[in-house]
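J.: Have a look at this one before I ask anything.
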Amino acid sequence: MLFSRDFSILQVVCLKMLFRKSTRKRFVCLVVTFMFLMGFNTYSYVMTFIKTESLKKEVLDEKAFKFFFIRQRTPDDFEKFLAGSRQQLRELGAEIVGKAFIYQNNLYIHVLAPSELGPDPGAGGNDAILLLYGIFNMTQAAREFYVEGSGAGDQTRVKGMYIDYNGVSLSKEIIQSRQTALKSDLADIADMMLTDVGDKRRDVINTLKQRITDNMKRAQGNEKSEPNLYLSRVESVVPMNYLHILEHLKQDNTTDVIDLLDSVKSYPDSTIETDSRYLNVPESYLGKALYADIDMYPRYVPLYIPGLLMPQWNWLLYQNIHINDDFMNYINGMHFKGHYLFSYEKSHIIRDRVRNINDDIWSNHLHFYLTDLSMGIAFPFMISLFAFIHLKTEIAFLLMYKNRVREILLIFWMLPVSLMLLIKCGVPAGFYLFMGTKGAPADMILPLFVTFLAAAAGFYPINRWCFSQFTGDTLNLYALHKGR
Amino acid sequence: MRSLFEVKFPLVVKWDDKFTITFNLQKGNALEFKGGVYFLHGDNGSGKTTFLNLLALTAGDVGKGGKTGAGSVAYNGEAYNRPGFNHIRAAELRERYFCIFPQKVFFLPVSTRDNYIILNGSDRNREESFSLKEYPDLLSGGQQQKVLMDIILDEKKPVWFLDEPLSNLDAERRHYFWVMLEKAYKINLRTAFFIDHWMGKEIKNDRHFCFYNTLQVVTENRQKDNVPEIESRYIEIYENNVPLEFFARQIEEHLFLKPDAAKEMINGVLCKGLTT
């Protein structure tokens, strides 16, 4: 029926009747108002959608929102914490990251060997560490930590460096004093580790410790990257592998004490060559969060919670951000029990941002649904009424000769529906055309499509009702002529 | 093609949900309209047009007349008040069998050709002869009547309802009308209903027509405040079952030009229209 000649002729004639001289202006005004209001509403929805979508993406992608550094006052505290909370944390979706912690505003982090750096979904344990590299802009530095081509034999050469995280614009004096402080920190840490070590071995290790700390040079992270807003208090990043070397030396009973002195060599280009296995996490620490010998307290231990913020579907057919409230309440509680957060404000900022973004998305969609549906019903209703009032005599006359009630109903249903379709395809198409698909996922189309279907379905009986005089059992030309 | 109306009286029609009109028959209680021309004669407001509208299915309660009791209208055995008869079927009957020339000349507000395509459209070639630029809405009454006649009257349909078709026409066009009627009668036209005030007397005395019956029309609840209310009116029906001779006489009477020239002209136009 839709593509028959009769139907297309009838369609053209109906349009010609609507756009005839006497009603043209009024009808054009009605249609233009409809198009303008609906177009503007759709445009406003699309623009707000894009805005909230980019904000949502920003929050969901923020790496710092996947980590919380929680303070441990003493080793005893830490042990109690581990005993009491580890299981609970796992149930909440969080994991304590063992290979990193913050002490005295410096991050100590294990640098993975090149073979472990690649994306390895099966490994599981390295995700958090790799993400931390990203947060502290040290992905490149971590990759270059192991000097290339040095891993041929048992010996591996690594750079003697620490990464200056937020000191790009500091004066030379401050940088120098930072470095001095860091070196003395490292020396203190090494001394703490050397309790219960015999004199000879202690002397050797002290010499090697001096080699490592003296050799250490400042390296900048990624110069173009700003320090992360939520972790800008961190000054430097120190590879924990240096501490591992000392720990290995302390525990290595297989090597003669005299030979130990040769096991760590320093080179003029500030690289250190040592036994490959010395750079790895010592066996006694493997899989553990508590580096018991490294008595650096109070320290901030990272909690890794990748699923804190997740996109979630709402019944209004959009995705907002779901926040793991149980976890947030938990760390909030911990904060007030003395396990302070490294950045307490962050937890409030996360909640505020998530709430604001969710509110924005919700109000945008609700506003769109209400406005679009009411306009999508009201204006087609007005168009139908307009058509009926201005054409009823003509249509009655037409029906006197031809049986075209169904076609006429379809035409006057299709007319506003096709206008709606035009807008709902046109606005997003225009957007994609001029702005590209960046930042505009296909989800955007869903509410447009659903409201279109709902309005089209809702308008169907209304349209029939408008033309009910032609669908009843009585065709009363006299009554219809009265309207003339 | 069979063409037969059977009407049973008293015929009651509810009009506009406000008042009812009852048609009674003076002799007997059923009427049959077979082949030929039926002429309805009566005063203004006696209900001639209403009666034609009932027959032509353009007014009245199409499927619900049965509830009033005995009265009914049936065309070729298909009663208008039988169960399942609806406006769609009514429109189908109108489209296939009836040619309705309304008293009130009216057009769709589009070009003449669009009017033809939409209102009739049975002849693709004839379509071309109508203008795409002329809007019949803007024409004078007589002109409109001429154009509507061209558009509506279709010799392929067996029943023509002609409600005062000649009222605004000049002699030439009347002549043209009778020629069309004659031509159509020779092709497919079987029954023609005819109302005309001017020809009334003439037909009453015409030897071709004979008196058929009289309808008594009673209107209830109408114009309540008008005093005095006329209780009932009458419509006389005249019948001519062999109308060709009558047509020929009308053609001759309305011929004011030279007979041959006029015939040639008219035949030329008609043949063009009919053969193409």
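J.: Has region B:111-124 got at least one residue that is in a loop (DSSP other than H, G, I, E, B), open to solvent by 10 Å² or more (accessible area, probe 1.4 Å), among the hydroxyl-bearing types (Ser, Thr, Tyr) and more than 9 Å from chain A (Cβ to nearest Cβ)?
T.: The initial filter retains those residues of region B:111-124 that are in a loop (DSSP other than H, G, I, E, B), namely B:111, B:120-123.
Narrowing further to those that are open to solvent by 10 Å² or more (accessible area, probe 1.4 Å): B:120-123.
Restricting the remaining residues to those that are among the hydroxyl-bearing types (Ser, Thr, Tyr) gives B:122.
Applying the additional criterion that residues be more than 9 Å from chain A (Cβ to nearest Cβ) yields B:122.
Yes, region B:111-124 contains a residue that is in a loop (DSSP other than H, G, I, E, B), open to solvent by 10 Å² or more (accessible area, probe 1.4 Å), among the hydroxyl-bearing types (Ser, Thr, Tyr) and more than 9 Å from chain A (Cβ to nearest Cβ).
Here is a yes/no grid of residues against (1) in contact with a Leu (Cβ under 9 Å, 6 or more places away or on another chain); (2) over 30 Å from A:Thr195 (Cα atoms); (3) open to solvent by less than 40 Å² (accessible area, probe 1.4 Å):
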residue: A:Pro298; (1), (2), (3): no, no, no
residue: A:Pro306; (1), (2), (3): yes, yes, no
residue: A:Pro311; (1), (2), (3): yes, yes, no
residue: A:Leu317; (1), (2), (3): yes, yes, no
residue: A:Phe327; (1), (2), (3): yes, yes, yes
residue: A:Tyr330; (1), (2), (3): yes, yes, yes
residue: A:Gly333; (1), (2), (3): no, yes, yes
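J.: A:Asp443 fails exactly one of the following numbered conditions: (1) modelled with pLDDT of 80 or more; (2) more than 14 Å from chain B (Cβ to nearest Cβ); (3) open to solvent by 70 Å² or more (accessible area, probe 1.4 Å). What is the number of that condition?
T.: The single condition A:Asp443 does not satisfy is (3).
J.: Would you pick out the residues in region A:395-410 that are open to solvent by 10 Å² or more (accessible area, probe 1.4 Å) and farther than 16 Å from B:Leu57 by Cβ?
T.: Once the filter is applied, which keeps residues that are open to solvent by 10 Å² or more (accessible area, probe 1.4 Å) and farther than 16 Å from B:Leu57 by Cβ, region A:395-410 yields A:Arg406, A:Glu407, A:Leu409, A:Leu410.
Listed here are the residues, each with its yes/no results for (1) modelled with pLDDT under 90; (2) open to solvent by 10 Å² or more (accessible area, probe 1.4 Å).
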{"residue": "A:Ile294", "(1), (2)": "yes, no"}
{"residue": "A:Pro302", "(1), (2)": "no, no"}
{"residue": "A:Ile323", "(1), (2)": "no, yes"}
{"residue": "A:Pro380", "(1), (2)": "no, no"}
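J.: Every residue in region B:1-15 that is closer than 16 Å to B:Val217 by Cβ and either open to solvent by less than 30 Å² (accessible area, probe 1.4 Å) or modelled with pLDDT under 75 (or both), please.
T.: B:Val7, B:Phe9, B:Leu11, B:Val13, B:Lys14, B:Trp15
J.: Also: Of these, B:Leu139, B:Leu132, which one is touching a helix residue (DSSP H, G or I) at 6+ places or on another chain (Cβ under 9 Å), free of Cβ contacts under 8 Å to residues at least 12 places away in the same chain and farther than 19 Å from A:Leu399 by Cα?
T.: Exactly one of B:Leu139, B:Leu132 is touching a helix residue (DSSP H, G or I) at 6+ places or on another chain (Cβ under 9 Å), free of Cβ contacts under 8 Å to residues at least 12 places away in the same chain and farther than 19 Å from A:Leu399 by Cα, namely B:Leu139.
J.: Ok, one more. Would you be able to tell me the number of residues in region B:55-88 that are at pLDDT below 85 and part of a helix (DSSP H, G or I)?
T.: 6
J.: May I ask you to verify whether A:Thr48 is surrounded by 17 or more Cβ atoms within 10 Å (Cβ to Cβ), β-branched (Val, Ile, Thr), over 21 Å from A:Tyr304 (Cβ atoms) and within 14 Å of chain B (Cβ to nearest Cβ)?
T.: It is false that A:Thr48 is surrounded by 17 or more Cβ atoms within 10 Å (Cβ to Cβ), β-branched (Val, Ile, Thr), over 21 Å from A:Tyr304 (Cβ atoms) and within 14 Å of chain B (Cβ to nearest Cβ).
J.: Taking the condition of being more than 20 Å from the chain's Cα centre (by Cα) and away from every other protein chain (no Cβ under 14 Å), how many residues in region B:135-147 meet it?
T.: 2
J.: Within region A:248-261, does at least one residue satisfy the condition of being crowded, with 16+ Cβ neighbours inside 10 Å, part of a helix (DSSP H, G or I) and touching a residue at least 60 places away in the same chain (Cβ under 8 Å)?
T.: Within region A:248-261, not a single residue is crowded, with 16+ Cβ neighbours inside 10 Å, part of a helix (DSSP H, G or I) and touching a residue at least 60 places away in the same chain (Cβ under 8 Å).
J.: In addition: Take A:Lys99 and tell me if it is at pLDDT 85 or above, closer than 30 Å to A:Gln155 by Cα and open to solvent by 40 Å² or more (accessible area, probe 1.4 Å).
T.: So A:Lys99 passes the test.
J.: Please specify each residue of region A:127-145 satisfying the condition of being closer than 15 Å to A:Ser225 by Cβ and open to solvent by less than 10 Å² (accessible area, probe 1.4 Å).
T.: The answer is A:Leu132, A:Tyr133, A:Ile135, A:Phe136, A:Met138, A:Ala142.
J.: When you look at A:Arg178, is it within 20 Å of A:Ala141 (Cβ to Cβ) and open to solvent by 30 Å² or more (accessible area, probe 1.4 Å), yes or no? Please lay out each step first, then the result.
T.: Details: within 20 Å of A:Ala141 (Cβ to Cβ): yes; open to solvent by 30 Å² or more (accessible area, probe 1.4 Å): yes.
The answer is yes for A:Arg178.
J.: Let me ask you something else. Could you list, in sequence order, all residues of region A:380-404 that are more than 7 Å from chain B (Cβ to nearest Cβ) and over 18 Å from A:Phe19 (Cβ atoms)?
T.: Across region A:380-404, the qualifying residues are A:Phe381, A:Ala396, A:Arg404.
J.: For region A:346-363, does any single residue satisfy the condition of being more than 20 Å from the chain's Cα centre (by Cα), outside the structural domain of A:Phe101 (by TED's automatic domain parsing) and open to solvent by 10 Å² or more (accessible area, probe 1.4 Å)?
T.: Yes - at least one qualifying residue is present in region A:346-363.
J.: So A:Thr274 fits all but one of (1) outside any helix (DSSP H, G or I); (2) at pLDDT 90 or above; what number is the exception?
T.: Exception for A:Thr274: condition (2).
J.: Of A:Phe78, A:Phe101, A:Phe68, which residue is within 24 Å of A:His348 (Cβ to Cβ) and not assigned by TED's automatic domain parsing to the domain that holds A:Asp293? Break it down stepwise before answering.
T.: On the way: A:Phe78 fails: within 24 Å of A:His348 (Cβ to Cβ); A:Phe101 fails: not assigned by TED's automatic domain parsing to the domain that holds A:Asp293.
Of the residues listed, the single one that is within 24 Å of A:His348 (Cβ to Cβ) and not assigned by TED's automatic domain parsing to the domain that holds A:Asp293 is A:Phe68.
J.: Additional query: Which residues, taken from region B:166-189, are over 14 Å from the mean Cα position of the chain (by Cα), surrounded by fewer than 17 Cβ atoms within 10 Å (Cβ to Cβ) and outside any helix (DSSP H, G or I)?
T.: B:Asn168, B:Asp170, B:Asn188
J.: Say we look at region B:126-165 and pick out the residues that are in a strand (DSSP E or B) and not aromatic (Phe, Trp, Tyr); which of these is farthest from B:Lys104 (Cα to Cα)?
T.: Checking each candidate, the answer is B:Val159.
J.: Can you tell me how many residues in region B:68-99 are more than 10 Å from chain A (Cβ to nearest Cβ) and of a type in the set (Val, Ile, Thr)?
T.: 2
J.: Quick check on my filter: what residues within region B:100-110 are at pLDDT 85 or above and more than 9 Å from chain A (Cβ to nearest Cβ)?
T.: Once the filter is applied, which keeps residues that are at pLDDT 85 or above and more than 9 Å from chain A (Cβ to nearest Cβ), region B:100-110 yields only B:Phe101.
J.: Among the candidates B:Glu92, B:Glu32, single out the residue that is in a helix (DSSP H, G or I), among the acidic types (Asp, Glu) and either at pLDDT below 90 or within 20 Å of B:Lys157 (Cα to Cα) (or both).
T.: The conditions single out B:Glu92.
J.: Could you please find all residues in region A:231-247 being farther than 22 Å from A:Ser184 by Cα and surrounded by fewer than 19 Cβ atoms within 10 Å (Cβ to Cβ)?
T.: A:Ser232
The values are calculated or read from the model by the stated rules, or taken from the named source; none is laboratory data. From a predicted model like this one, the values you see are computed outputs, not experimental measurements. Backbone-built Cβ (ideal geometry, glycine too); neighbour counts: all protein chains shown. Side chains included, ligands, DNA and RNA excluded: accessible areas come from the protein's heavy atoms. Shrake-Rupley method; radii C 1.70, N 1.55, O 1.52, S 1.80 Å.
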